[in-house]
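Participant: My questions all concern the structure below.
Read-outs: derived from the displayed coordinates by stated rules, not from any lab. As the structure is a prediction and not an experimental result, all values here were calculated from the model. A quick note on method: Cβ atoms are made from the backbone with ideal geometry, for glycine too, and the neighbour counts reach across all protein chains shown.
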Amino acid sequence: MSVVAVVRAACLSLVLAALVACDDPPPPVDVENGRLAAEIYPDPPRIAILLDGAEVWSTQGGGSAPYGFAAVGNRSSTIEMQFGSFKFTEGKPSWQGVSELRSITPTATGATFELRASDRALGTGTLTLDPDTLHVRIELAADVAERFTIGAAMQGADEHLVGLGGQSFDVDHKGETVPLWVQEDGIGKYPNADNNYAGVWFLEGRKHTTHTPMPMVLSSKGYAVVLDTDARAVFDLGGGKDGVARFEAWDKKLDLNVFLGEAKSPRDALARMIAWVGKPARPPAHIFAPWVDALFGSANVRRVATKLRDSGISSSVIWSEDWRGGGNGTFGYELEEDWRVDRTLYPDFEQVGNDLRGMGFAFFTYHNTFIDSTADVFTEATDKGYAIKKPDGTPFTFTGVKFNSSTLLDTTNTAGIAWAKSVMSEAIALGSDGWMADFAEWLPTDATLASGEDPLLVHNRYPRDWAKMNEEMFAQTPSGRPKGIYFMRSAWLHSQPHVQVMWAGDQQTDWSDGDGLPSVIPIGLGLGLAGFPYFGHDIGGYMDQGTTTTSEELFYRWTTFGALSPVMRTHHGRQVMENVQWEYDAGTVAHFRRWTRFHMQLAAYLAGSVASFEQSGLPLFRLIALDYPDEDWAWTSIDEYLLGDRILVAPVQTMGATSRSVQLPPGTWYPLLGTEPVSGGEITATAPRTEIPAYVPAGSILVLYPDGVDTMLASPARASATTLAEVAADREVWIFSGTATNPAHAQWNDDTGPLGTAQWMWSGRPPGALPTTATFNGAPVTVTTADGWAAVTVTGNGTLEIGGGTLTIARPISGTVTVRLR
């Protein structure tokens, strides 16, 4: 070949290379802030997040809308509300995908960019990187949007995506598309598609209908995602397209927040997410004492209080939801919708409160958000414009819970809020120490609000506004009274700092998966993952429409479950006279006595466990995978949970069953109330209806209150009642043979549980026969053995040597301690 030919060939190669290079995608724009960095790809658009130089999370790249990087769409839908349930009739949305990012401009904390669709500008975006909190925020905005979605790459077949609030059927939602909208759960709930409105659609719940949806999800791969919106949201976690997670808000803006865990730790990602969303203040300690309901007026409430004390049943709260009136109706015992005390049922309401507090009970009542046409406040509220309205300014009414015309308090009306608080607070002045703050799901999307806001964007926020109202009313405690407590069933994102106690809602009085006893654990797990640590449920259930009333067996099972929950509370249910309750017979009284007393003992453990939530966002009612992330089954289990960090609970939830399969993490486990240890893996637990399968890791320590505490509050008028103040520093301590795999399980601090300076330290001991001798500070102490336990009693601090193990007590206070070794 001639030199000229070689030159021509070389030139042709350069030209071809240049042409090929023109077809290559443009390089990413790199931005960083401390340990966090991002690669922002213009076309196809993609944002990859790096931590310490390694990619840990990424948006979706190319792909058709709505499964690409991002897309905007319209809302071709109608919305109907009946009885707090909502029917969304949607046409096929028209999506326009973001095909390119332009004008990518690095900033000190990330970058800004323009969203493009072909040659048309769609909107703008901002990326913010916070290296201190490992928080990544992507904000997108487009004036043309009625709904906005962003896609993210899922991280493998073994990834689990848990959370989304109080969901009844699952805690791991990978492969599901979940609409998130505050509404009634339904009376009876089935795993039907969320757009299946067959039958009496406003009565039956569908798979994801819930009072407490949360646009928050935690990945087993060590990151968490929150869509910060008050609009209707949709989390499509691989349900629409395999390998793609899609986060949608019915709004013209989208605010996606990603929290990264150190070393890809899910627990650390959860801690960062919960720190961001906010935490409630630590509630008064008596939330961990049993609560018992009492109805039918002053005389009967006093009778119940006396019988509780005479029967040796532990309780620090009596709550009477019919304080505003009640009576038998079509569907059982029905509450009146007045806002003020019913002087027929409770003519001496003030003295009832005084009498109960004299016996060591806080006195709780009831409020809700409705302004019923029969209510004592209806005329005042509507005349002054405090209710939601129609466009013509007249009150917006709907058929309410009692089939009367009803309306709602407008929580955007500041004067209305002040009025409502003044009326509701009358109960506090009269003697109420707390209440159920019920409902908050019913705001219609076609109402007119005082603020002028779109009710579609206020509806989900309504329970948060309701929670703030209640929080403000209990900000001050009347002199000489217990600190106030309110409990709720509805919530949305950012309710977390304002809700003291969350309950699971109005379960059916049966064993059904979606709305009976088995629905409570997945609801509690999901709420715990969303930052609601103080969780309880109606013992025995509440609703009986379409099912049976509470049976004796169900009461027994639900009582044991309630005792091993953070908040133990009874509810009479709609069929008060037919539901089996604690007073049913001598057997139910004895059963209830036993488990309320044990729950009162557990209050010391529960109170100490609060510190783990306050520091790390770890709930008291806990997904097992948070402590055992390598156990794949633990990410999907919905019939077991951890109470705190060291009690694994597996309630029997099948009618007629006296045993069940239990999955345990690796290691040796001791039955909490049994004898022989078992090895981790799948086992069969036997539990007659008076018992509940629960297990503690070998080598653990449990610090409890002594048996026999009647109340955590003062009881000046009932000298025979044992109060927590009288117990003072006395404790009962359970120690288990073996060596703790997790060192935290072998220590405890009275105030901070497994955190902080250990005040109780257990070395563990080799499994074997129970010891018959022991020494405390070198001196022999008496050992007794019974029912698989060895027990000694000591006073003060020091070292107990027992059975080849050492228990060290180093507390700032001195008390009498009964140590029980298994």
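Participant: Under 8 Å for C-alpha pairs, at least 6 residues apart: give me the relative contact order for the chain, rounded to a whole percent.
Facilitator: 10
Participant: Ok, one more. If I model a spin label as a point 7 Å beyond the Cα along the Cα-Cβ vector, how far apart are those points for Lys241 and Gln545 in nm?
Facilitator: 4.1
Participant: Along region 512-519, what does the Karplus equation 6.51 cos²θ - 1.76 cosθ + 1.60 (θ = phi - 60°) give for ³J(HN,Hα), rounded to whole Hz, x for Gly and Pro?
Facilitator: Residue by residue, region 512-519 yields 5, 4, x, 9, x, 3, x, 6 Hz.
Participant: Let me ask something else. Between [x] 1.02; [y] 1.00; [z] 0.96, which matches Rg/Rh (Cα atoms, Kirkwood Rh) calculated for the structure shown?
Facilitator: Label of the calculated value: [x].
Participant: Return the aspartates and glutamates within reach of Lys253: Cα separation strictly under 12 angstrom, same-chain partners fewer than 8 residues apart disregarded; answer none if there are no such residues.
Facilitator: Candidates past the 8-residue exclusion: Glu139, Asp143, Glu146, Asp228, Asp230.
Participant: What does the highest-first list of 787-796, 161-170 look like by mean Cβ count within 10 Å?
Facilitator: Put in order of decreasing packing, that is 161-170, 787-796.
Participant: Only loop residues by DSSP count here, and only those with at most 13 other Cβ atoms within 10 Å; note down the trypsin sites (Lys or Arg not before Pro) in region 378-486 that meet that.
Facilitator: Hits after loop and neighbour filter: Lys384.
Participant: What percent antiparallel are the DSSP beta bridges of region 661-743, to the nearest 5?
Facilitator: Percentage antiparallel, nearest 5: 95.
Participant: While we're here: Amide H neighbours of Ala70 under 5 Å, counting only residues 5+ apart in sequence or on other chains, H built in-plane at 1.01 Å?
Facilitator: Val98, Gly151
Participant: Hey, can you rank 299-312, 268-281, 522-535 by average C-beta count inside 10 Å, highest first?
Facilitator: Averaged packing, sorted descending, gives the order 522-535, 268-281, 299-312.
Participant: Could I ask something else about it? If each DSSP helix of 4+ residues adds -39,500 (n - 2.57) and the sum is divided by the residues in the chain, what number results at 222 nm, nearest 500 deg cm²/dmol?
Facilitator: -6000 deg cm²/dmol
Participant: Still on this structure, please answer the following. Compute the signed sum of charges (Lys and Arg +1, Asp and Glu -1) over the other residues within less than 13 Å, Cβ to Cβ, of Arg646.
Facilitator: So the surrounding residues net to -1.
Participant: Give the long-range amide H neighbours of Ala117: residues separated by 5 or more places, or on another chain, with amide H under 5 Å away, using H modelled in the peptide plane at 1.01 Å from N.
Facilitator: Those lying under 5 Å, H to H, from Ala117 are Ser99, Leu122.
Participant: Next question. Taking the Cα centre of region 509-566 as origin and charging only Cβ (+1 Lys, Arg; -1 Asp, Glu), how large is the dipole, in debye to the nearest 20?
Facilitator: So the dipole magnitude of region 509-566 works out to roughly 240 debye.
Participant: Shifting gears a bit: Label points 7 Å out from Cα along the Cβ direction at Asp630 and Ser103: separation in nm?
Facilitator: My value for the distance between the label points is 5.1 nm.
Participant: Relative to the longest principal axis of the chain, what angle (0 to 90°, nearest 10) does the C-alpha long axis of helix 520-529 take?
Facilitator: That works out to roughly 60 degrees.
Participant: A follow-up question, please. Considering amide H positions built from the backbone, and no H for Pro or chain starts, which residues 5 or more places from Met568, or on another chain, come under 5 Å of its amide H?
Facilitator: Residues meeting the amide H criterion: Trp291.
Participant: For a Förster distance of 35 Å, can you work out the FRET efficiency between the beta-carbons of Thr775 and Val678, rounded to the nearest 0.05?
Facilitator: 0.65
Participant: Using a 10 Å Cβ count of at most 15 others and DSSP loop calls, identify the longest part of the chain lacking such GluC sites (Glu not before Pro).
Facilitator: Here the longest run is 1-452.
Participant: What are the ³J(HN,Hα) couplings of region 691-700, residue after residue, when phi is run through the Karplus curve with 6.51, -1.76, 1.60 and θ = phi - 60°? Round to Hz, x for glycine and proline.
Facilitator: Ordered by residue, 3J(HN,Hα) equals 10, 9, x, 8, 9, 10, x, 4, x, 8 Hz.
Participant: In addition: Report for region 498-648 the percent antiparallel among DSSP-assigned beta bridges with both residues inside it, nearest 5.
Facilitator: Rounded to the nearest five, the antiparallel share is 35 percent.
Participant: May I ask for the angle, rounded to the nearest 10°, between helix 414-430 and the longest principal axis of the chain, with both axes built from Cα atoms and the value confined to 0 to 90°?
Facilitator: For helix 414-430, the angle is close to 20 degrees.
Participant: Looking at region 293-419, what % of the alpha carbon pairs are farther apart than 20 Å?
Facilitator: Cα-Cα pairs of region 293-419 separated by over 20 Å account for 52 percent.
Participant: Going by alpha carbons, how many degrees (0 to 90, nearest 10) lie between the helix axis of 3-23 and the longest principal axis of the chain?
Facilitator: With both axes taken from Cα atoms, the answer is about 40 degrees.
Participant: Given a cut-off of under 8 Å on Cα pairs at least six residues apart, what relative contact order in percent is computed for region 657-779?
Facilitator: Result for region 657-779 is 20 percent.
Participant: Okay, next question. Would region 630-703 count as rounded, prolate or oblate if I go by the C-alpha gyration tensor, calling it rounded below 1.5 in a/c and otherwise prolate when a/b exceeds b/c, oblate otherwise?
Facilitator: oblate
Participant: Something else now. Between Ala725 and Asp194, what FRET efficiency follows from the Cβ-Cβ distance if R0 is 56 Å, with the result rounded to 0.05?
Facilitator: 0.65
Participant: Which net charge results for the neighbourhood of Leu618, defined as the other residues with beta-carbon distances under 10 angstrom from its beta-carbon, given Lys and Arg at +1 and Asp and Glu at -1?
Facilitator: For residues surrounding Leu618, the net value is -1.
Participant: Another question, then. Calculate the FRET efficiency for Thr306 and Asp338 from the Cβ-Cβ distance with a Förster distance of 25 Å, rounded to the nearest 0.05.
Facilitator: 0.35
Participant: Using only Cα atoms, locate the centre of region 150-205 and the centre of region 661-723, then give the distance between them in Å, rounded to an integer.
Facilitator: 33
Participant: Let me ask you something else. For region 69-86, what does the Karplus curve 6.51 cos²θ - 1.76 cosθ + 1.60, with θ = phi - 60°, yield as ³J(HN,Hα) per residue in whole Hz, taken in order and with x for Gly and Pro?
Facilitator: 4, 7, 7, 10, x, 9, 10, 8, 8, 10, 10, 10, 10, 9, 6, x, 9, 10
Participant: Still on this structure: Are any of the pairs Lys87/Lys189; Lys207/Lys483; Lys87/Lys402 more than 26 Å apart by Cα-Cα distance, and if so, which?
Facilitator: Listed pairs above 26 Å: Lys207/Lys483.
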